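So the structure is just underneath, and the comments pick up after that.
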Amino acid sequence: QVQLVESGGGLVQAGGSLRLACAHSGRNVAGNAMGWIRQAPGKEREFVAAITWTVGYTLYSDSVKGRFTISGDMAKRTVYLQMNSLKLEDTAVYYCAERDGMGNLNDPSAYAYWGQGTQVTVSS
């Protein structure tokens, strides 16, 4: 059983910052990857960023590269997403997810376990 719980969402003005956290509980995370995927109203799920636990490899979507940073603390079994220079188009529900297997990190369908999501709203 895997449980993922996100926190840190909220309302922020454009240009501001937020830090999301995802606490992982359940089976050992070693060998898996964690990702952040977002979904805006009326849009499909969109990959944001991912990190592999074993070597700390990170991957970002072009839309957030240079503004967002994903990091992980295996001892705390927590993954973070630092979001800077937020834009209106970053408004979405952000989900933390764990990849099950070796699917592409930037493919939301590769992630088998999902948190409940946390709302991020960027205002002008």
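Can you tell me how many residues within the range 85-104 are touching a strand residue (DSSP E or B) at 6+ places or on another chain (Cβ under 7 Å), open to solvent by 10 Å² or more (accessible area, probe 1.4 Å) and modelled with pLDDT of 95 or more? Reasoning before the result, please.
Residues of the range 85-104 touching a strand residue (DSSP E or B) at 6+ places or on another chain (Cβ under 7 Å): 86-88, 90-100.
With the extra rule that they be open to solvent by 10 Å² or more (accessible area, probe 1.4 Å), the set shrinks to 87-88, 91, 93, 95, 99-100.
From what is left, the residues that are modelled with pLDDT of 95 or more are 87-88, 91, 93, 95.
Residues that pass the stated criteria total 5.
Kindly list, by first and then second residue, each pair from a residue in the range 86-111 that is over 16 Å from Gln13 (Cα atoms) to a residue that is of a type in the set (Asp, Glu), limited to pairs with Cβ atoms under 6 Å and residues at least 6 apart or on different chains.
Qualifying pairs under 6 Å: Cys96/Glu6.
Being modelled with pLDDT under 95 and farther than 18 Å from Leu18 by Cα: is that true of Gly72 here? Before the answer, list the steps.
Numbers: modelled with pLDDT under 95: yes; farther than 18 Å from Leu18 by Cα: no.
Answer is no for this residue.
Filter the range 54-77 down to residues that are open to solvent by less than 20 Å² (accessible area, probe 1.4 Å) and in a strand (DSSP E or B) and give me whichever is farthest from Val5 (Cα to Cα).
Taking the candidates together, the pick is Phe68.
Across the range 57-101, what is the total count of residues that are in contact with a helix residue (DSSP H, G or I) (Cβ under 8 Å, 6 or more places away or on another chain) and under 14 Å from Ala33 (Cβ atoms)? Reasoning before the result, please.
Here is the first cut: in the range 57-101, the residues in contact with a helix residue (DSSP H, G or I) (Cβ under 8 Å, 6 or more places away or on another chain) are 63-64, 83, 97, 99-101.
Now drop any that are not under 14 Å from Ala33 (Cβ atoms), which leaves 97, 99-101.
Within the range 57-101, residues that are in contact with a helix residue (DSSP H, G or I) (Cβ under 8 Å, 6 or more places away or on another chain) and under 14 Å from Ala33 (Cβ atoms) number 4.
What pairs come up if the first residue lies in the range 7-25 and is more than 10 Å from Thr78 (Cβ to Cβ) and open to solvent by 20 Å² or more (accessible area, probe 1.4 Å), the second is outside any loop (DSSP other than H, G, I, E, B) and hydroxyl-bearing (Ser, Thr, Tyr), and their beta carbons are under 6 Å apart, counting only those six or more places apart or on different chains?
Pairs found: Gly9/Thr118; Leu11/Thr121; Gln13/Ser123.
The values are calculated or read from the model by the stated rules, or taken from the named source; none is laboratory data. All figures in this text were calculated on a predicted structure; none of them were measured in a lab. Positions of Cβ are backbone-derived with ideal geometry, glycine not excepted, and every protein chain shown enters the neighbour counts. Note: accessible area is taken over every heavy atom of the protein model, side chains too, but ligands, DNA and RNA are not part of it. Shrake-Rupley method; radii C 1.70, N 1.55, O 1.52, S 1.80 Å.
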